[in-house]
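Some notes on the structure that comes next.
The values are calculated or read from the model by the stated rules, or taken from the named source; none is laboratory data. In this text, all values refer to a predicted model and were calculated from it rather than measured experimentally. Positions of Cβ are backbone-derived with ideal geometry, glycine not excepted, and every protein chain shown enters the neighbour counts. For the accessible areas, the whole protein counts, side chains as well, though only heavy atoms, and no ligand, DNA or RNA atoms are used. Shrake-Rupley method; radii C 1.70, N 1.55, O 1.52, S 1.80 Å.
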Amino acid sequence: MTQPPTPPPYGQPPQQEALPGCWWHPGRQTGLRCVRCERPACPDCLREASVGYQCIDCVSTARQQQRSQAAGYRKAGYGARTVAGARVPQRIVVVPLLIAVNVLVYALTAFQSGDPMANHIGSSAFEDGVLWPAGIVAFDEWWRLFTSGFLHYGLLHLGMNMLALFVLGRDLELLLGRVRFLAVYFLSMFAGAVAVFAFGAVDTGTAGASGAIYGLMGAILVAVLKLRLNATTAIGIIVLNVVLSVSLPNISLLGHLGGLVAGAVAMVAMVYAPERHRGAYQAGAIAIVALALIGLVLYRDAELTSAIFAGQLAGGR
């Protein structure tokens, strides 16, 4: 014969097991737990997760792991990339630096000449850096092929080129990244100078960043076609600038066209290179174009040197 358990005395509730204290606040009893580590936690120490709630320590640990994984992911070459294979930069840096360099060079020439609107007169920096084919051939002043791209005839010339560089360069730097953008810019600038040296007058001085600017125009056109955007505006801007180059006096059409072609070719390599070994294809294309331009410079130099030598022989007779 069995007896039921002895009931509690009348008027007294049954005894309940005490709840555990919060891991971070032991004085607070709680019936909640972290779904990840299962430690008891009060509502103030829990954070909502995708499934249930996690304690503050687990949330902090998960964030650190995510940051570490993201850093390793980016270091391995993955992450958000543009059609050219470049990581999307947080802000533009190269374009403002190029504008600053051009402005500083102009300020130096204006200071030396004493006239900001005629800074090419009486400035030794301008005279030593302008693209003068005769000086390149006769005195081996090869640096003129590069320094001329940072010189400008007057404040208006500088302002127009820097405005164009700012408008065109912002989008291209974001699309190409800094290194690829610099490659397109300097290749276009060099191509414009080579076109003037190879096909222009020997005794005429030329300066300006227009070759590089036109290279950016050609690059913008290729990018628009690649991204299948409306190319009407880009084509219209290029046609208008070419017409102005032909119609206005003292404009180097050769420098503009040379930069335009080189910029377009370089951009084709940037956005149409196969994804596998993309960087190698892009660098190889830039190197091939640069070597072709150098070969054209050497050929023109040999041609002009022969002409000068033949003229000296004829004069000696």
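Looking at 134, 100, 107, 125, which is the one that is open to solvent by 20 Å² or more (accessible area, probe 1.4 Å), outside any loop (DSSP other than H, G, I, E, B) and touching an Asp or Glu at 6+ places or on another chain (Cβ under 9 Å)? Steps first, please.
Values: 100 fails: touching an Asp or Glu at 6+ places or on another chain (Cβ under 9 Å); 107 fails: touching an Asp or Glu at 6+ places or on another chain (Cβ under 9 Å); 125 fails: touching an Asp or Glu at 6+ places or on another chain (Cβ under 9 Å).
Among 134, 100, 107, 125, only 134 is open to solvent by 20 Å² or more (accessible area, probe 1.4 Å), outside any loop (DSSP other than H, G, I, E, B) and touching an Asp or Glu at 6+ places or on another chain (Cβ under 9 Å).
If you go through region 253-293 one residue at a time, how many are open to solvent by 40 Å² or more (accessible area, probe 1.4 Å), under 11 Å from residue 187 (Cα atoms), in contact (Cβ under 8 Å) with a residue 24 or more places away in the chain and over 19 Å from the mean Cα position of the chain (by Cα)?
Result for region 253-293: 1.
Please go through region 153-186 and give me each residue that is buried (at least 24 other Cβ atoms within 10 Å of the Cβ) and under 18 Å from residue 257 (Cα atoms), ordered by number.
Selection gives 184, 185.
Being in a loop (DSSP other than H, G, I, E, B) and either of a type in the set (Lys, Arg) or under 14 Å from residue 176 (Cβ atoms) (or both) is the filter; apply it to region 252-277 and report the residue that is modelled with the highest pLDDT.
From region 252-277, those in a loop (DSSP other than H, G, I, E, B) are 252, 273-277; that's our starting set.
If we keep only those that are either of a type in the set (Lys, Arg) or under 14 Å from residue 176 (Cβ atoms) (or both) as well, we get 273, 276.
Values: 273: 92, 276: 87.
My answer is 273.
Each row is one residue, and each column tells you yes or no for (1) open to solvent by 70 Å² or more (accessible area, probe 1.4 Å); (2) of a type in the set (A, V, I, L, M); (3) modelled with pLDDT of 85 or more.
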{"site": "15", "(1), (2), (3)": "yes, no, no"}
{"site": "18", "(1), (2), (3)": "yes, yes, no"}
{"site": "34", "(1), (2), (3)": "no, no, yes"}
{"site": "114", "(1), (2), (3)": "no, no, yes"}
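If you scan region 105-132, which residues turn out to be more than 18 Å from residue 209 (Cβ to Cβ) and β-branched (Val, Ile, Thr)?
Answer for region 105-132, where residues must be more than 18 Å from residue 209 (Cβ to Cβ) and β-branched (Val, Ile, Thr): just 121.
So, residue 149, is that one at positive phi, in contact (Cβ under 8 Å) with a residue 12 or more places away in the chain and either open to solvent by less than 10 Å² (accessible area, probe 1.4 Å) or over 27 Å from the mean Cα position of the chain (by Cα) (or both) or not?
For residue 149, the condition - at positive phi, in contact (Cβ under 8 Å) with a residue 12 or more places away in the chain and either open to solvent by less than 10 Å² (accessible area, probe 1.4 Å) or over 27 Å from the mean Cα position of the chain (by Cα) (or both) - is not met.
Could you grab the pairs with beta carbons closer than 6 Å, sequence gap of 6+ or different chains, first residue in region 108-136 and under 16 Å from residue 155 (Cβ atoms) and free of Cβ contacts under 8 Å to residues at least 24 places away in the same chain, second one in a loop (DSSP other than H, G, I, E, B) and open to solvent by 70 Å² or more (accessible area, probe 1.4 Å)?
Correct list of pairs: 113/121.
When region 137-146 is examined, which residues are found to be open to solvent by less than 20 Å² (accessible area, probe 1.4 Å) and either over 31 Å from the mean Cα position of the chain (by Cα) or hydrophobic (A, V, I, L, M, F, W, C) (or both)?
Filtering region 137-146 for residues open to solvent by less than 20 Å² (accessible area, probe 1.4 Å) gives 137, 144-145.
Scanning region 137-146 gives 137, 145.
Among the candidates 82, 147, single out the residue that is under 24 Å from residue 182 (Cα atoms), of a type in the set (Ser, Thr, Tyr) and at pLDDT 95 or above. Lay out the reasoning, then the answer.
Working: 82 fails: at pLDDT 95 or above.
Being under 24 Å from residue 182 (Cα atoms), of a type in the set (Ser, Thr, Tyr) and at pLDDT 95 or above holds for just one of 82, 147, which is 147.
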